[in-house]
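Notes for the one structure printed next.
The values are calculated or read from the model by the stated rules, or taken from the named source; none is laboratory data. Computed from a predicted structure; not experimentally measured. When we count neighbours, we look across all protein chains shown, and the Cβ atoms used for this are built from the backbone with ideal geometry, even at glycine.
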Amino acid sequence: MGIYTSTRSDIETSISKAIVKGIADDGGLFVPKNINDLKLDYKSLVGKSYKEIAFAVFRLFFDDFSDEEIRYCIDGAYTDSFKTSEVVEISKVANFYELELYHGPTCAFKDVALQFLPFSMQVSKKKNDIDSKVMILTATSGDTGKAALEGFKNIDGIDITVFYPKGKVSDIQEKQMVSTDGKNTHVASINGNFDDCQRIVKDIFADKEVEKELADKGIILSSANSINISRLLPQVVYYVYSYIKLLERNEIEEDELINFTVPTGNFGNILAGLYAKRIGVPINKLICASNSNNVLTEFLKTGVYDRNREFYKTISPSMDILVSSNVERLIYEIAAHKQMGVSKKMEDLKTSGRYELCEHCTASMKEDFYADYTTDEQCLEEIKNTLINDHKLIDTHTACASSVYRRYVEETGDSTKTVVVSTASPYKFSKDVLRALVDEIPANEYECIKKLNEISKEEIPSSIAELQNKEVKHNTNLNIDEALNYVLALAEGK
Ligand SMILES: *Cc1c(COP(=O)(O)O)cnc(C)c1O
C-alpha cells in the first residue's frame with residue numbers, strides 16, 4: 001500500500017514510512033503521488049468542529065493510519081494549549097478576513113503542525129515496528145525551535161535537541177527556548193550564526209560513522225523542519241476550515257471562489273493552500289507575499305528561480321529565506337509529476353543556484369498563484385494603518401501579506417473575497433511592531449510589550465506575559481566544534 005512518492009524518483013510508500021524517514025533516499029521530498037485522486041466532500045463538513053474537519057482531511061491523506069490512530073494524533077495535538085477552542089480564529093478586518101493561526105503555545109502558526117507531528121511520528125514508529133529512540137535535531141533562527149520543543153516535550157521514545165545562534169535571536173525567543181521544561185528537551189546556544197547551526201545539524205545527519213554509532217545505541221536521527229510531510233498536512237486543515245466557516249457565516253455562497261494571501265518563507269504554508277485547492281476547496285488565487293528577499297515573487301511571475309542575489313535581514317525574519325524547500329513539491333505538481341525534471345532542476349539549483357520552468361509550466365503556475373513583496377518601510381506603514389483604521393494589531397509577517405493584498409486589489413481589481421493568513425502574535429515581534437507606532441523604542445523587549453499593550457489594548461498572550469519570571473532550565477553554550485560531542489554525550493545518557 002502506498003499513495004506517496006518522492007519528488008525525484010518513482011517510488012511508492014505509505015504515509016507512516018514517509019513520516020519516519022522525513023526525506024526520501026534519493027534526496028527528494030515525499031508527496032502524495034496523485035493528489036487529484038483525493039477528493040473532499042467539503043459540503044458535508046458544514047457545522048463541524050475544527051477537530052472533525054481535521055479528521056475528514058487526514059482520512060484522505062493518512063492512508064495506512066486507522067481511524068483511531070488519526071483521532072489519537074488530533075486529540076494529542078489540539079488541546080487547551082491552544083487559547084481558542086477551535087485552534088484557529090477568523091476575524092473580519094475592513095474588506096478581508098484574517099485567519100489567526102497564532103493561538104498555540106508559542107504564538108506562531110508553526111504550532112498547528114508541530115503539535116501534531118510528534119504524535120504522528122510516534123504512531124508511525126509503532127506501525128513500522130521501530131523500537132529505536134528518535135533523536136530530533138533542529139537548528140533554529142528563532143521561531144521553529146520553540147515550536148518544536150513544545151511539540152516534542154514529554155513525547156515517549158523521542159528526544160529533541162535545538163541549536164540556536166547565541167546573541168542572534170530576540171530576547172523573547174531565547175527566553176522561550178531556554179525556559180522549556182520536559183524530560184526530553186535539550187537546548188544549546190552556539191557561538192556562531194544561524195548558518196553555522198544549520199551546518200552542524202546537516203553534518204551530523206550526513207555522517208555515516210555517527211549514524212552507525214547511534215544505531216548501536218538504538219537511536220535514529222530525525223528532523224522537525226518543514227520538509228517532513230507531517231508538518232505540511234496539518235496546514236491543509238485550516239484552509240478547509242476557513243472556507244467552511246465563511247460558508248456557515250453566510251459570508252460566501254456554496255462553491256463561491258475565495259483567495260488566500262500568505263506570508264511565505266519556506267513555501268510550506270502556501271503549498272498546503274494548493275493542496276486544499278486540489279482536494280476540492282473552491283480557491284481562486286493563492287497570493288504569495290514575500291519581503292525584500294523576493295526570490296519567490298520573481299519565480300512565480302517569470303518561472304525563473306535564482307538564489308544568486310543579496311540576502312537581506314528584515315523585520316519579518318521567518319521569511320528571510322533564499323532557498324524555499326517546499327518549492328520542490330510545487331514543481332512536482334506543476335510539472336505533471338515528471339520526477340526526472342524535478343531532479344534536474346534541484347541539481348541545477350545546487351550547482352548554479354538557478355533553474356527555469358518551461359513556458360507552459362510557468363503559465364500553469366500563474367493560474368494558481370499571484371506574487372508580490374513588501375519592503376520593511378511598507379510593512380511598518382501597514383501595521384500603523386491597520387491599527388488606526390481597523391483597530392487591529394498585526395505582526396510584521398502578517399503585515400507583509402496584507403500590504404501585498406492591498407496592492408493586488410489595486411492592480412487587478414479582483415473583488416473575490418479574501419482571507420489574509422496571520423502567522424504570529426504581534427507580541428512575538430514587539431520591538432519592530434512598536435517601531436511602526438511610536439518614535440521612542442525601549443531597549444528592553446518586555447518594556448516594548450508593555451507599551452504595545454498600552455497603545456493597542458490587545459491582550460498579551462499568557463505564555464508571553466509569564467515569560468519574564470520563568471526559570472532558565474537550559475544554559476549550555478557551545479563552540480561550533482563542540483556540538484558533535486555534545487550530541488554524542490546526550491546519546492550516551494540514554
Ligand atoms: C515560518 C513562518 C512563516 C513562513 O512560513 P513558510 O511555511 O515557511 O512559508 C511566516 N510567518 C511566520 C511568523 C513564521 O514563523
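Name every residue in the range 412-459 that is aromatic (F, W, Y) and closer than 20 Å to S318 by Cα, in order of residue number. Walk me through how you get there before you give the answer.
Of the residues in the range 412-459, the ones aromatic (F, W, Y) are 427, 429, 446.
Hits for the range 412-459 are Y427, F429.
Of the numbered conditions (1) β-branched (V, I, T); (2) modelled with pLDDT under 95; (3) closer than 24 Å to L467 by Cα, T185 satisfies every one except a single condition; which is it?
Single failed check for T185: (2).
When you check S343 against the structure, is it among the hydroxyl-bearing types (S, T, Y) and either within 17 Å of Y239 (Cα to Cα) or within 16 Å of the ligand (Cβ to nearest atom) (or both), yes or no?
Details: among the hydroxyl-bearing types (S, T, Y): yes; either within 17 Å of Y239 (Cα to Cα) or within 16 Å of the ligand (Cβ to nearest atom) (or both): no.
Judged against the criteria, S343 is not a match.
So which pairs qualify, if the first residue must be in the range 36-62 and farther than 19 Å from G273 by Cβ, the second must be part of a loop (DSSP other than H, G, I, E, B) and of a type in the set (S, T, Y), the Cβ gap must be under 8 Å, and the two must be at least 6 apart or on different chains?
Sorted first by the residue in the range 36-62, then by its partner, the pairs are K51/Y78.
Can you tell me which residue within the range 122-141, out of those that are in contact with a Phe, Trp or Tyr (Cβ under 7 Å, 6 or more places away or on another chain) and in a loop (DSSP other than H, G, I, E, B), is farthest from V187 (Cα to Cα)?
The first filter runs over the range 122-141 and keeps only residues in contact with a Phe, Trp or Tyr (Cβ under 7 Å, 6 or more places away or on another chain), leaving 123, 136, 139-141.
Filter once more, so that each one left must be in a loop (DSSP other than H, G, I, E, B): 140-141.
Working: T140: 11, S141: 13 Å.
Looking at the filtered set, the residue picked out is S141.
Please find, within the range 306-325, the residue that is surrounded by the fewest Cβ atoms within 10 Å (Cβ to Cβ) out of those that are of a type in the set (A, V, I, L, M, F, W, C) and near the ligand (Cβ under 10 Å from one of its atoms).
Quick first cut of the range 306-325, residues of a type in the set (A, V, I, L, M, F, W, C) only: 311, 315, 319, 321-323.
Now narrow it down to the ones that are near the ligand (Cβ under 10 Å from one of its atoms): 319, 321.
Details: M319: 26, I321: 20.
The residue in question is I321.
Identify, please: which residue in the range 104-138 is hydrophobic (A, V, I, L, M, F, W, C) and within 14 Å of the ligand (Cβ to nearest atom) and is, among those, surrounded by the most Cβ atoms within 10 Å (Cβ to Cβ)?
Start the filter on the range 104-138 by keeping residues that are hydrophobic (A, V, I, L, M, F, W, C), which leaves 107-109, 112-114, 116-117, 119, 121, 123, 130, 134-137.
Checking the rest, the ones that are also within 14 Å of the ligand (Cβ to nearest atom) come to 107-109, 112-114, 117.
On the way: C107: 27, A108: 24, F109: 30, V112: 27, A113: 28, L114: 28, L117: 27.
It comes out as F109.
When you scan the range 150-167, do you find a residue that is buried (at least 17 other Cβ atoms within 10 Å of the Cβ), over 20 Å from the mean Cα position of the chain (by Cα) and assigned to a helix (DSSP H, G or I), even just one?
No; the residues of the range 150-167 include none that is buried (at least 17 other Cβ atoms within 10 Å of the Cβ), over 20 Å from the mean Cα position of the chain (by Cα) and assigned to a helix (DSSP H, G or I).
Considering every residue within the range 405-418, establish whether at least one is within 16 Å of the ligand (Cβ to nearest atom) and out of contact with any His (no Cβ under 9 Å at 6 or more places or on another chain). Quick ask: steps written out before the conclusion?
The first filter runs over the range 405-418 and keeps only residues within 16 Å of the ligand (Cβ to nearest atom), leaving 405.
Narrowing further to those that are out of contact with any His (no Cβ under 9 Å at 6 or more places or on another chain): 405.
Yes, the range 405-418 has at least one match.
Pairs needed: first member in the range 63-83, more than 19 Å from I229 (Cα to Cα); second member anywhere, among the small types (G, A, S); C-beta distance under 6 Å; at least 6 residues apart or different chains.
As it stands, the answer is F82/G104, since those pairs meet every condition given.
Go over the candidates I464, I394, I441, I460 one by one and state the one that is within 16 Å of the ligand (Cβ to nearest atom), part of a loop (DSSP other than H, G, I, E, B) and not acidic (D, E).
Working: I464 fails: part of a loop (DSSP other than H, G, I, E, B); I441 fails: within 16 Å of the ligand (Cβ to nearest atom); I460 fails: within 16 Å of the ligand (Cβ to nearest atom).
Unique residue meeting the criteria: I394.
Which numbered condition trips up S318, out of (1) touching a His at 6+ places or on another chain (Cβ under 7 Å); (2) of a type outside the set (D, E); (3) closer than 22 Å to R278 by Cβ?
All conditions are met except number (3).
Which residues, taken from the range 257-283, are over 23 Å from D41 (Cβ atoms) and either buried (at least 22 other Cβ atoms within 10 Å of the Cβ) or without any contact (Cβ under 8 Å) to a residue 60 or more places away in the chain (or both)? Outline the logic, then answer.
Step one: list which residues in the range 257-283 are over 23 Å from D41 (Cβ atoms), which gives 261-270.
If the condition is that a residue be over 23 Å from D41 (Cβ atoms) and either buried (at least 22 other Cβ atoms within 10 Å of the Cβ) or without any contact (Cβ under 8 Å) to a residue 60 or more places away in the chain (or both), then T261, V262, P263, T264, G265, F267, G268, N269, I270 are the ones that fit.
Suppose the filter is more than 20 Å from the chain's Cα centre (by Cα), within 30 Å of T396 (Cα to Cα) and either of a type in the set (S, T, N, Q) or more than 16 Å from the ligand (Cβ to nearest atom) (or both); does V93 pass it?
On the way: more than 20 Å from the chain's Cα centre (by Cα): yes; within 30 Å of T396 (Cα to Cα): yes; either of a type in the set (S, T, N, Q) or more than 16 Å from the ligand (Cβ to nearest atom) (or both): yes.
Considered against the rule, which asks whether it is more than 20 Å from the chain's Cα centre (by Cα), within 30 Å of T396 (Cα to Cα) and either of a type in the set (S, T, N, Q) or more than 16 Å from the ligand (Cβ to nearest atom) (or both), V93 comes out as yes.
Please enumerate the residues belonging to the range 188-228 that are of a type in the set (G, A, S) and at pLDDT below 90. Explain how you work it out, then say what you get.
Filtering the range 188-228 for residues of a type in the set (G, A, S) gives 188-189, 192, 206, 215, 218, 222-224, 226.
Result: A206, S222, S223, A224, S226.
Given the options E333, E328, E356, E382, name the one that is buried (at least 18 other Cβ atoms within 10 Å of the Cβ), touching a residue at least 12 places away in the same chain (Cβ under 8 Å) and away from the ligand (no atom under 15 Å from the Cβ). Can you show your working first?
Details: E328 fails: away from the ligand (no atom under 15 Å from the Cβ); E356 fails: buried (at least 18 other Cβ atoms within 10 Å of the Cβ); E382 fails: away from the ligand (no atom under 15 Å from the Cβ).
Among E333, E328, E356, E382, only E333 is buried (at least 18 other Cβ atoms within 10 Å of the Cβ), touching a residue at least 12 places away in the same chain (Cβ under 8 Å) and away from the ligand (no atom under 15 Å from the Cβ).
Does the range 109-133 hold any residues that are polar (S, T, N, Q) and in contact with a strand residue (DSSP E or B) (Cβ under 9 Å, 6 or more places away or on another chain), and which are they?
First pass over the range 109-133, keeping only residues polar (S, T, N, Q): 115, 120, 122, 124, 128, 132.
Hits for the range 109-133 are Q122, S132.
Looking at the range 224-254, which of the residues that are surrounded by fewer than 18 Cβ atoms within 10 Å (Cβ to Cβ) and either touching a residue at least 24 places away in the same chain (Cβ under 8 Å) or part of a strand (DSSP E or B) (or both) is nearest to the ligand (Cβ to nearest atom)? I'd like the intermediate steps shown before the answer.
Applying the first criterion (surrounded by fewer than 18 Cβ atoms within 10 Å (Cβ to Cβ)) to the range 224-254 yields 248-251, 253-254.
Narrowing further to those that are either touching a residue at least 24 places away in the same chain (Cβ under 8 Å) or part of a strand (DSSP E or B) (or both): 248, 251, 254.
Working: E248: 27, E251: 25, E254: 29 Å.
Once the filter is applied, the top-ranked residue is E251.
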